[in-house]
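Undergrad: Quick one: the structure is below, questions incoming.
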Amino acid sequence: MLSRTASDLYWMSRYLERAENLARMLDVSYSLSLMPQDGRGDGLDELAMPLLITGTLDDYLERHGPLHGERMLHFFALDASNPGSIYCCLQAARSNAHAVRGRITADMWENINATWLEMRGIAEQGLGRYGISRFCEWVKERSHLFRGATFGTIMRGEAYRFIRLGTFIERADNTLRLLDARYEMLGEEIDELEERTARSYYQWSALLRALSSFEAFAEIYRGSPRTRKVAELLLLRPEVPRSLRACMEELNLMLAGLPGENGRPAQRLAAELDARLRYTSIDEVLDEGLHAWLTDFILLVRQLGNTIHTSYLEVA
């Protein structure tokens, strides 16, 4: 497969997964901002969380000044001049899909093209009339439909593997950043007493819901969400679809199935990271310090993404 084609397929799925992840972040932050803040502010800190996680806070402040609820929601969701907005992610996903129209199925193309056309209509209508929660649910639904069309219609060849690579490298990065952000918001030193507070419960529950893992947590663990349990679930449990372990297993599997010698550095790194998670316990993670461990692995996932790019996606 040509590097340009592989790159378009990879980034098509990355941008679509990113749009879904942004919608999950925004929905949870917006919901938490409406709750009583217990003397901690007026909810703007919660709305600013997606900007901090995505590194777009400085850009927002430069263009729009002080934090403001409606302006932040528009900037993050529908701003065509913000490359990190959901609007721009869906636009980029559609553009990449158009470039590889002949390598994806009709169902996939029709889904992503319809998503973009609806996105333009929502942008014209505005979040005020459409509703932020409804908008976030729509983004997630469109992403699910595209993933279902992909899984159900495309041949299990190289195109499929590059699409899956894009999805899971993006998902792994998002899970790490969301967990780190919520842990930092609750404070590095969280004792047993604080973990029983309502604020802690709703923060951890919000994170689990953002990653569609609340039901999995309730099935596997007893009691309220705590740092140790949530971290173990989202980092080391392979049966949880959005866990870091599940993402790395899928990345390792997809890379191992690609032919040629050029991909050996990416294959080796993916196998190393998969093995590291397979044989790491939550005690080892917490002994190192959760924030330090997450920061280190965020850099490793970025390194894997860069290695995939140099191995397969660079145009000679």
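Yes/no matrix, rows are residues, columns are (1) more than 17 Å from L26 (Cβ to Cβ); (2) small (G, A, S):
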residue: E62; (1), (2): yes, no
residue: M72; (1), (2): no, no
residue: A97; (1), (2): yes, yes
residue: W109; (1), (2): yes, no
residue: A114; (1), (2): yes, yes
residue: E118; (1), (2): yes, no
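Undergrad: Being among the charged types (D, E, K, R), in a loop (DSSP other than H, G, I, E, B) and in contact (Cβ under 8 Å) with a residue 12 or more places away in the chain is the requirement here; does E239 meet it? It would help to see each step written out before you state the result.
TA: Working: among the charged types (D, E, K, R): yes; in a loop (DSSP other than H, G, I, E, B): yes; in contact (Cβ under 8 Å) with a residue 12 or more places away in the chain: yes.
Yes; evaluated as a whole, the condition is true for this residue.
Undergrad: Could you check the range 69-83 and list, in sequence order, the residues that are without any contact (Cβ under 8 Å) to a residue 40 or more places away in the chain and either within 17 Å of the chain's Cα centre (by Cα) or under 28 Å from L179 (Cβ atoms) (or both)?
TA: Going through the range 69-83, the residues without any contact (Cβ under 8 Å) to a residue 40 or more places away in the chain turn out to be 69, 71-72, 75, 79, 81-83.
Result: G69, R71, M72, F75, D79, N82, P83.
Undergrad: Tell me whether the range 29-36 contains one or more residues that are under 30 Å from W109 (Cα atoms), at pLDDT 80 or above, out of contact with any strand residue (DSSP E or B) (no Cβ under 7 Å at 6 or more places or on another chain) and crowded, with 16+ Cβ neighbours inside 10 Å. Steps first, please.
TA: Taking the range 29-36 first, the residues under 30 Å from W109 (Cα atoms) are none.
Scanning the range 29-36, I find no residue that is under 30 Å from W109 (Cα atoms), at pLDDT 80 or above, out of contact with any strand residue (DSSP E or B) (no Cβ under 7 Å at 6 or more places or on another chain) and crowded, with 16+ Cβ neighbours inside 10 Å, so the answer is no.
Undergrad: Are any of the residues in the range 225-237 small (G, A, S) and either under 15 Å from the mean Cα position of the chain (by Cα) or over 22 Å from I53 (Cα atoms) (or both)? Spell out how you get there, then give the answer.
TA: Applying the first criterion (small (G, A, S)) to the range 225-237 yields 231.
Now narrow it down to the ones that are either under 15 Å from the mean Cα position of the chain (by Cα) or over 22 Å from I53 (Cα atoms) (or both): none.
No, the range 225-237 contains no residue that is small (G, A, S) and either under 15 Å from the mean Cα position of the chain (by Cα) or over 22 Å from I53 (Cα atoms) (or both).
Undergrad: Can you go through E219, E195, E170, E215 and tell me which one is modelled with pLDDT of 90 or more and open to solvent by less than 20 Å² (accessible area, probe 1.4 Å)? Write out each step before concluding.
TA: On the way: E219 fails: open to solvent by less than 20 Å² (accessible area, probe 1.4 Å); E195 fails: modelled with pLDDT of 90 or more; E215 fails: open to solvent by less than 20 Å² (accessible area, probe 1.4 Å).
Exactly one of E219, E195, E170, E215 is modelled with pLDDT of 90 or more and open to solvent by less than 20 Å² (accessible area, probe 1.4 Å), namely E170.
Undergrad: Six or more apart or on different chains, Cβ under 7 Å: which pairs go from a residue in the range 127-153 that's farther than 15 Å from L22 by Cβ to one that's in a helix (DSSP H, G or I) and among the charged types (D, E, K, R)? Could you list them?
TA: Close Cβ pairs satisfying both conditions: A149/D107; T153/D107.
The values are calculated or read from the model by the stated rules, or taken from the named source; none is laboratory data. Predicted model only: the values in this text are computed from it and were never measured. Don't worry about glycine lacking a Cβ; one is built from the backbone with ideal geometry, like all the others, and counts go over all protein chains shown. Accessible surface is based on the protein model in full, side chains and every heavy atom, while ligands, DNA and RNA are left aside. Shrake-Rupley method; radii C 1.70, N 1.55, O 1.52, S 1.80 Å.
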